[in-house]
1. Can you work out which of the residues in segment 195-220 that are within 24 Å of the chain's Cα centre (by Cα) and not in a loop (DSSP other than H, G, I, E, B) is nearest to ligand 2 (Cβ to nearest atom)?
2. Among helices (runs of 4 or more DSSP H) lying entirely in segment 242-317, which contain 3 or more residues that are in contact with a Pro (Cβ under 6 Å, 6 or more places away or on another chain) and more than 15 Å from ligand 2 (Cβ to nearest atom)?
3. Just to verify a result, which residue in segment 75-92, among those that are outside any loop (DSSP other than H, G, I, E, B) and out of contact with any helix residue (DSSP H, G or I) (no Cβ under 6 Å at 6 or more places or on another chain), is farthest from Glu40 (Cα to Cα)?
4. Among the numbered conditions (1) touching a helix residue (DSSP H, G or I) at 6+ places or on another chain (Cβ under 7 Å); (2) of a type in the set (S, T, N, Q); (3) surrounded by fewer than 24 Cβ atoms within 10 Å (Cβ to Cβ), tell me where Gln306 comes up short.
5. Hey, could you check segment 306-326 for residues that are more than 15 Å from Ala88 (Cα to Cα) and of a type in the set (Gly, Ala, Ser) and say which is nearest to ligand 1 (Cβ to nearest atom)?
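The values are calculated or read from the model by the stated rules, or taken from the named source; none is laboratory data. Because the structure is predicted, anything quoted here is derived from the model rather than measured. All Cβ positions, even for glycine, are placed from backbone atoms using ideal geometry, and neighbour counts span all protein chains on display.
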Amino acid sequence: MKITSARVIVTSPGRNFVTLKVETDEGVSGIGDATLNGRELAVASYLTDHVIPSLIGRDPRMSEDIWHYLYRGAYWRRGPVTMSAIAAVDTALWDIKAKLADLPLYQLLGGKSRDRVLIYGHANGADLEATVDAVGKYIDMGYKAIRAQSGVPGIEKAYGIGRGDMYYEPADARLPTETVWDTPAYLNFVPKLFEKLRDTYGFEPQLLHDVHHRLTPNEAAQLGKSLEPYRLFWMEDCTPAENQEAFRHVRRHTTTPLAVGEVFNTIWDCKQLIEEQLIDYIRATVVHAGGITHLRRIADLAALYQVRTGSHGATDLSPVCMGAALHFDTWVPNFGIQEYMRHTDETDAVFPHDYRFEDGHLIVGETPGHGVTIDEALAAKYPYDPASLPIARLRDGTLWHW
Ligand code: CS2
Ligand code: MG
């Protein structure tokens with residue numbers, strides 16, 4: 001059996017997505033997500049110019065060997081562009097493999113470890129009251145876990161208050177929008193938000209919060225401590241994680257659970273965080289961390305240290321990634337939670353899929369493969385629409401972490 005062709009499809013049904021389609025001489029094809037928000041064409045070129053030519057003629061069932069061929073064979077290892085490209089190939093090959101076996105993908109990983117996948121959605125509001133209302137709407141929709149982000153008095157464009165109600169869109173302009181960040185204003189405000197949320201809704205809903213890398217380790221430790229009475233499910237990306245040791249300080253000072261990893265590409269980015277038990281949840285996902293083959297390595301390492309998974313699932317990860325992630329989540333023994341930001345109707349129409357929302361959970365489909373396809377004729381109607389993620393500066397102009 002051989003790969004006969006592969007191509008990259010760039011489409012923008014509401015936002016940009018990059019998809020790899022791999023075809024074989026047996027008529028079975030598979031697709032993988034390769035979307036890297038704000039850097040889409042770099043991955044498209046990496047695939048088209050460097051990866052696809054080396055795939056033609058290979059046996060698509062040899063997904064492990066192909067993974068290592070692309071990872072080691074490039075000589076230049078790791079990085080978001082490389083690893084998103086490898087992920088797309090890997091996801092497409094698992095899709096093909098499962099279709100050949102006539103089984104839903106989770107069966108090839110080891111079968112179901114659970115019937116349904118706990119997800120969390122994003123409740124956002126321009127101010128405290130609006131955020132409390134937004135959380136209430138998610139509770140009414142059946143969500144059991146809700147991430148709360150709010151506008152902060154004194155900060156004009158706080159993180160997490162994007163366009164759209166049920167989906168989230170931070171890439172808002174051709175060149176990065178400049179936002180201003182004010183740590184003291186934020187640290188004063190966030191505990192008040194969670195106090196109000198617990199007063200209003202009690203302790204049954206699981207509440208999450210994303211700091212989006214904005215704090216120093218000591219500020220993160222302070223925030224974690226001040227949020228302890230409100231028992232968060234997690235505090236996410238509390239400080240940048242390039243220096244994994246930074247989390248020792250945070251960990252020593254708070255029992256608020258810590259989640260990290262949406263920008264990680266490989267197991268090396270999280271090795272120390274996991275081995276020193278500095279985090280509770282690892283947020284690496286299929287598309288940015290080398291596909292199912294590599295994410296499985298990360299999850300298995302995490303399992304040794306009772307670290308659970310909590311994969312990134314923002315709107316900028318396509319339904320193809322979400323479909324693959326749900327097969328992974330349905331199998332992975334040390335599952336924690338899955339982020340789920342919905343897609344627009346236009347996106348859903350371009351990527352028909354068989355997973356469904358029910359009672360605050362997602363239920364994986366039973367179609368052979370990962371259960372997501374692409375309507376290429378419809379995709380062609382939505383040309384690429386360049387958009388960048390914002391940047392953040394401190395009040396004095398210092399470039400900060402967005
Ligand atoms: C966020 C992301 O979902 C999250 O937790 O941190 O929405 C992130 O801002 C985007 O994926 C960036 O493209
Ligand atoms: Mg995040």
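1. It comes out as Asp210.
2. Counting at least 3 such residues, we get 246-253.
3. Filtering segment 75-92 for residues that are outside any loop (DSSP other than H, G, I, E, B) and out of contact with any helix residue (DSSP H, G or I) (no Cβ under 6 Å at 6 or more places or on another chain), the one farthest from Glu40 (Cα to Cα) comes out as Ala92.
4. Among (1) touching a helix residue (DSSP H, G or I) at 6+ places or on another chain (Cβ under 7 Å); (2) of a type in the set (S, T, N, Q); (3) surrounded by fewer than 24 Cβ atoms within 10 Å (Cβ to Cβ), Gln306 violates only (1).
5. Taking the candidates together, the pick is Ala314.
To keep it simple, each residue is scored yes or no on (1) more than 17 Å from the chain's Cα centre (by Cα); (2) within 21 Å of His327 (Cα to Cα); (3) of a type outside the set (Gly, Ala, Ser).
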| position | (1), (2), (3) |
| --- | --- |
| Ser226 | yes, no, no |
| Pro229 | yes, no, yes |
| Ala246 | yes, no, no |
| Gly261 | no, yes, no |
| Asn265 | no, yes, yes |
| Cys270 | no, no, yes |
| Glu276 | yes, no, yes |
| Asp280 | no, no, yes |
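Every residue, every condition in (1) in contact with a helix residue (DSSP H, G or I) (Cβ under 9 Å, 6 or more places away or on another chain); (2) at pLDDT below 95; (3) not assigned by TED's automatic domain parsing to the domain that holds Thr183, yes or no:
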site	(1), (2), (3)
Asp345	no, no, no
Ala349	yes, no, no
His353	yes, no, no
Phe357	no, no, no
Arg393	no, no, yes
Leu399	no, no, yes
Trp402	no, no, yes
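Condition check ((1) crowded, with 19+ Cβ neighbours inside 10 Å; (2) in contact with a Pro (Cβ under 7 Å, 6 or more places away or on another chain); (3) at pLDDT 95 or above; (4) aromatic (Phe, Trp, Tyr)) across all residues:
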| residue | (1), (2), (3), (4) |
| --- | --- |
| Met1 | no, yes, yes, no |
| Ala6 | yes, no, yes, no |
| Phe17 | yes, no, yes, yes |
| Asp25 | no, no, yes, no |
| Ser29 | yes, no, yes, no |
| Leu36 | yes, yes, yes, no |
| Ile56 | no, no, yes, no |
| Arg61 | no, no, yes, no |
| Trp67 | yes, no, yes, yes |
